[in-house]
Amino acid sequence: MGGFFGVVRKKSAILDVYLGTDYHSHLGTKRGGIAAYDSELGLQREIHNIENSPFRTKFERTLDEMKGNSAIGAISDTDPQPLLIYSKFGTYAISTVGVINNIKELIDKVLSYGGNSGAILQAMTGGKINSNELVAALINQKDDFVQGIKYAQSLVDGSVSILILNGDGSIICARDRLGRTPVLIGKSKDGYCVSFESFAYQKLGYSDEKELGPGEIVRLTEDELTVLSEPGEEMRICAFLWTYYGYSTSNYEGVNVEVMRTRNGAIMAEFDMANGDYKDIDYVGGVPDSGTPHAIGYANRSGIPFARPYIKYTPTWSRSFMPATQADRNKIAKMKLIPVHELIHGKNLLLVDDSIVRGTQIKETVDFLYSHGAKEVHMRSACPPIMYGCKYLNFSRATSDMELISRRTIVELEGEEGLKHLEEYSDPNTERGKAMRKAICDKFKFKSLEFQSVEGAIKAIGIDKCKLCTYCWNGKE
Ligand code: SF4
């Protein structure tokens with residue numbers, strides 16, 4: 001994934017962008033960057049590797065070194081950004097969120113622009129092209145930013161939201177054509193900001209100004225927000241924002257993530273209560289962090305006490321701490337989980353996770369609970385079985401289709417033929433659905449397993465299903 005944050009105001013924008021971008025750290029762990037514009041210094045830019053230490057630590061010096069009343073920042077799981085681009089539109093900084101699946105086709109388009117133009121693109125180590133540079137090269141093929149952004153978005157197979165810090169200090173932002181990810185605008189008495197996460201600017205003293213619609217393009221100066229291109233009708237915002245990777249305190253399309261998650265847990269509890277599959281459970285717990293509000297909703301609705309049978313020790317293990325070897329990473333993951341013996345030993349536990357993708361992590365957690373004396377561990381997934389890898393976002397959980405535990409189990413049960421019946425497997429009331437759940441239970445030693453249904457997740461989000469992307473659950477484009 002990735003996220004961005006930008007500010008244009010009457011005073012220095014650097015501290016706000018430093019703090020606002022840092023609030024997007026849950027969206028990426030690889031690269032962080034800030035670009036700023038100052039009327040004397042022009043555009044400045046800094047990018048750091050944030051794999052081993054957090055964004056905030058890496059950019060402390062930036063607060064003294066960079067100057068400017070407008071700036072943008074980015075957190076990325078892939079390409080370094082923001083990039084500085086020298087073009088016919090002047091020099092500007094660009095940052096993007098999304099994924100480009102047809103990168104080769106677009107590179108060819110850029111390199112062959114205007115016939116045999118001799119155009120070049122900078123290659124990164126390993127020969128890969130930075131997707132931000134590719135988007136900029138497509139934008140530059142048109143007569144102005146608006147035409148260029150629309151052109152680039154129309155060609156991208158995947159999704160792309162774009163943030164540009166212009167050489168005149170203004171900011172141009174464009175939400176993805178189908179609004180897969182959010183772009184929100186905040187306002188203060190000194191200017192405007194643009195953000196992926198709404199809580200990031202609220203904490204910095206900006207109030208909600210507007211959420212861009214799909215494909216909408218706006219320009220921000222310290223005094224003015226100008227709509228450069230009106231939003232489109234069609235939207236497919238990612239449903240996973242609410243179930244898993246959006247931050248609990250954020251709102252997207254007016255729906256708060258934490259509130260959605262507790263509502264989602266309550267709907268799962270209602271299903272279990274109707275199906276008689278929830279009795280004799282001592283405690284409901286959530287897999288931290290995003291599983292917790294789903295579990296609170298389940299506990300509140302079912303009346304089963306909520307408890308934390310294990311707690312993550314986070315004060316000294318930062319999320320981005322990544323030892324070099326897998327063995328050391330596994331050891332660190334285990335060091336973080338501290339059991340509460342009184343809440344585990346001899347107890348029947350129902351654990352709610354935000355999703356079950358490959359199953360590796362949840363297997364380790366369940367083994368950990370049994371090793372500390374749990375009698376039974378029931379598992380609930382706060383989202384439906386993941387049947388398709390995501391093709392719209394650079395989403396770290398969406399790996400190759402056959403890594404998905406649901407698909408792997410289906411193929412184990414009846415070979416490739418099973419892949420023709422994914423809908424049936426999703427449904428807990430069909431023989432195939434029951435067989436998949438039982439096979440996963442056997443594999444991971446769950447006493448029982450259930451998933452939220454697609455309808456249940458849509459109901460918990462509470463916006464029109466036509467506006468939501470649920471592709472990874474039901475394959476609907
Ligand atoms: S496929 Fe899944 S993860 Fe990807 S945008 Fe759609 S709902 Fe989100």
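Select from segment 458-476 the residues that are near the ligand (Cβ under 10 Å from one of its atoms) and not basic (Lys, Arg) and list them in ascending order.
468, 469, 470, 471, 472, 473, 474, 475
So, of the residues in segment 443-457 that are closer than 17 Å to residue 407 by Cβ and more than 12 Å from the ligand (Cβ to nearest atom), which turns out to be surrounded by the most Cβ atoms within 10 Å (Cβ to Cβ)?
451
Every residue, every condition in (1) buried (at least 22 other Cβ atoms within 10 Å of the Cβ); (2) modelled with pLDDT under 95; (3) among the hydrophobic types (A, V, I, L, M, F, W, C), yes or no:
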position: 239; (1), (2), (3): yes, no, yes
position: 255; (1), (2), (3): no, no, yes
position: 277; (1), (2), (3): no, yes, no
position: 280; (1), (2), (3): no, yes, no
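I need the full set of residues from segment 170-196 which are within 16 Å of the ligand (Cβ to nearest atom) and either under 17 Å from the mean Cα position of the chain (by Cα) or not assigned by TED's automatic domain parsing to the domain that holds residue 75 (or both), in order please.
Hits for segment 170-196 are 175, 176, 178, 179, 180, 181, 182, 183, 196.
Would you mind stating whether residue 245 is within 30 Å of residue 190 (Cα to Cα), within 16 Å of the ligand (Cβ to nearest atom) and either assigned by TED's automatic domain parsing to the domain that holds residue 53 or not β-branched (Val, Ile, Thr) (or both)?
no
So which residues in segment 145-170 are assigned to a strand (DSSP E or B) and of a type in the set (A, V, I, L, M), if there are any at all?
If the condition is that a residue be assigned to a strand (DSSP E or B) and of a type in the set (A, V, I, L, M), then 160, 162, 163, 164, 165 are the ones that fit.
Name, by its number, the condition in (1) farther than 30 Å from residue 377 by Cα; (2) more than 16 Å from the ligand (Cβ to nearest atom) that does not hold for residue 279.
(1)
Can you tell me how many residues in segment 187-210 are without any contact (Cβ under 8 Å) to a residue 24 or more places away in the chain and buried (at least 24 other Cβ atoms within 10 Å of the Cβ)? Steps first, please.
Start the filter on segment 187-210 by keeping residues that are without any contact (Cβ under 8 Å) to a residue 24 or more places away in the chain, which leaves 189, 202, 205-207.
This time we only want the ones that are buried (at least 24 other Cβ atoms within 10 Å of the Cβ), so: 206.
Of the residues in segment 187-210, 1 are without any contact (Cβ under 8 Å) to a residue 24 or more places away in the chain and buried (at least 24 other Cβ atoms within 10 Å of the Cβ).
Would you check if there is a residue in segment 428-444 being within 28 Å of residue 280 (Cα to Cα), at pLDDT 95 or above and among the β-branched types (Val, Ile, Thr)?
Scanning segment 428-444 turns up at least one residue that is within 28 Å of residue 280 (Cα to Cα), at pLDDT 95 or above and among the β-branched types (Val, Ile, Thr).
Looking at residue 393, is it surrounded by 19 or more Cβ atoms within 10 Å (Cβ to Cβ), at pLDDT below 95 and touching a strand residue (DSSP E or B) at 6+ places or on another chain (Cβ under 6 Å)?
yes
Taking residue 420, is it among the basic types (Lys, Arg) and away from the ligand (no atom under 16 Å from the Cβ)? Steps first, answer last, please.
On the way: among the basic types (Lys, Arg): yes; away from the ligand (no atom under 16 Å from the Cβ): yes.
Spelling it out, residue 420 is indeed among the basic types (Lys, Arg) and away from the ligand (no atom under 16 Å from the Cβ).
Can you tell me which condition residue 307 does not meet? The list is (1) surrounded by 16 or more Cβ atoms within 10 Å (Cβ to Cβ); (2) modelled with pLDDT under 95, and all the others hold.
Of (1) surrounded by 16 or more Cβ atoms within 10 Å (Cβ to Cβ); (2) modelled with pLDDT under 95, only one is false for residue 307: (2).
Consider residue 233 against the criteria (1) over 15 Å from residue 459 (Cα atoms); (2) part of a helix (DSSP H, G or I); (3) of a type in the set (D, E, K, R): it satisfies all of them except one. Which criterion is unmet?
(2)
The values are calculated or read from the model by the stated rules, or taken from the named source; none is laboratory data. Everything numeric in this text was worked out from a predicted model, so none of it was measured. Please note: Cβ atoms are built from the backbone with ideal geometry, for glycine as well, and neighbour counts cover all protein chains shown.
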